[in-house]
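All remarks here apply to the structure that follows.
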Amino acid sequence: MISRRKFLKISAMAGAGLMLPIRFVGRGKAFAFAQSPLNIRKFVVPLPGLGPNGIPALTPNTARDPKTGMVTDFYSIQMAPFTQQLHPDLPETSLWGYSDAAKPVQRYLGGAIVAQKGRPVKLKVKNHLPNLHPLPVDNSIMGAEANQPVNRAAVHLHGGFTPWTSDGAPLAWFTPGNGPVGETFLNPVANEPGSAEYFYTNDQSARLVWYHDHAMGITRLNAYAGLASAYIIRDDVEKKLISSSVLPSNEIPLIIQDKTFVDGSDPNYSWGKRGDLWYPYLYEKNSQLDGKGRWDYGLDVAPPAGPLKELPAPVSLVPEFFSDTILVNGTCYPFLEVQPRNYRFRILNGSQARFYNLQLYYADDTGYEANLA
């Protein structure tokens, strides 16, 4: 959800002088896991943009690749743990993320890449993740057995035309240092153990895609913990549309996600303190939540007989996970200051399962809620 707490004057949308707020509201029934602290205020934090004070964008070294002879953007990044306060009403949250390897600025959704069509990107990624995951790892899942390192990771460009050796396949993961690698890992960096190299051709039109972890059995947890960021491809067609004012030059990316935070009320949740990310870790009975259920055993009140009944916690492979708190560009419930001009919103749904119906509403008298009447 994104909004602002004061009225906005948007003459381009509603006629000169009409006062409107911008509000994006998800509608429809989805039984979310209500674990987050209840005092998280809406629309008190400004929307982070793409740049030093928001989502850090990586700066490449552009040179001619000696192997291909092509002008190429070279990036050297790292994957590492960090903490960040995602809202003034939350304590710091333990996260994993990408950052520049030489000058690490650890911020949630950091490591955004802006690429150009026809100019390849070569990405070198160093793994500095600890062998202790901030979320419950389900060892009952194929590829995530107890003997597998939890700091394994692979980088996948979601939506990109990518050579297969750089696709970050589920079994192409690698770990820090001289640790184990997946059975299809084919892109090590010479003399740099714990690193991988990826080559993206960018042979496609302008678009907002993203890159994220893709390791077998743990992708959902790694991406949820922060191993995901924006990848923007630009081209000459887009540039011409902007220069001719067909597309607004005021561009604002909106990466929408839902998260749940530990509120400290569950003594059995041992994977984080208050303010850390929460993730489901036990199957529920269908009889819970007044019979509405969520991810559960089906129609049974108790677990069915057989191996499932003996599975130890955590068991967190859920078909759908709807969280209770909306983040946009890594901030809970932000607002956006706008001017009476046209804006171009580039929207990416980075949630686990939730879908969104984005609409504009008038604010109510408080300026903090939408008037849906």
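All of the numbers you see were taken from the coordinates with simple rules; none came from a lab. This one's a predicted model, so the numbers in the text were calculated from it and none came from an experiment. FYI the Cβ positions are ideal-geometry reconstructions off the backbone, even for glycines, and counts take in every protein chain you see.
Some notes on this structure:
- A straight chain from Met70 to Asn357 at 0.36 nm per residue would run longer than the Cα-Cα distance by 99.1 nm.
- Largest to smallest principal axis extent of the C-alpha atoms in segment 179-255, angstrom: 52, 28, 18
- Taken along the Cα-to-beta-carbon direction at a fixed 7 Å, the label points for Val246 and Asn61 span 3.9 nm.
- Each label was represented as a point 7 Å from its Cα along the Cα-to-Cβ direction; for Lys273 and Asp364 these points are 3.6 nm apart.
- Only Cα pairs under 8 Å and 6+ residues apart enter the sum, and on that basis the relative contact order of segment 103-194 stands at 21 percent.
- Fewest-first ranking of Trp271, Trp164, Trp173, using other Cβ atoms within 10 Å as the exposure measure: Trp164, Trp271, Trp173
- Look at Glu320, Glu369 and count the other Cβ atoms within 10 Å of each Cβ; fewest to most, that gives Glu320, Glu369.
- Proxy reagent accessibility, fewest Cβ within 10 Å first, across Thr165, Thr72: Thr165, Thr72
- Using the average count of surrounding beta-carbon atoms within 10 Å as a protection proxy, the listed peptides 358-366, 77-85, 259-267 rank, highest first, as 77-85, 259-267, 358-366.
- Net charge in the neighbourhood of Ala63 (other residues with Cβ under 15 Å of its Cβ; Lys, Arg +1, Asp, Glu -1) is +3.
- Shape class of segment 50-256 from the alpha-carbon gyration tensor: oblate, with a/c at 1.5 or above and b/c at least as large as a/b.
- Counting lysine pairs in segment 50-256 whose alpha carbons fall under 23 angstrom apart, excluding pairs fewer than 8 residues apart on the same chain, gives 9.
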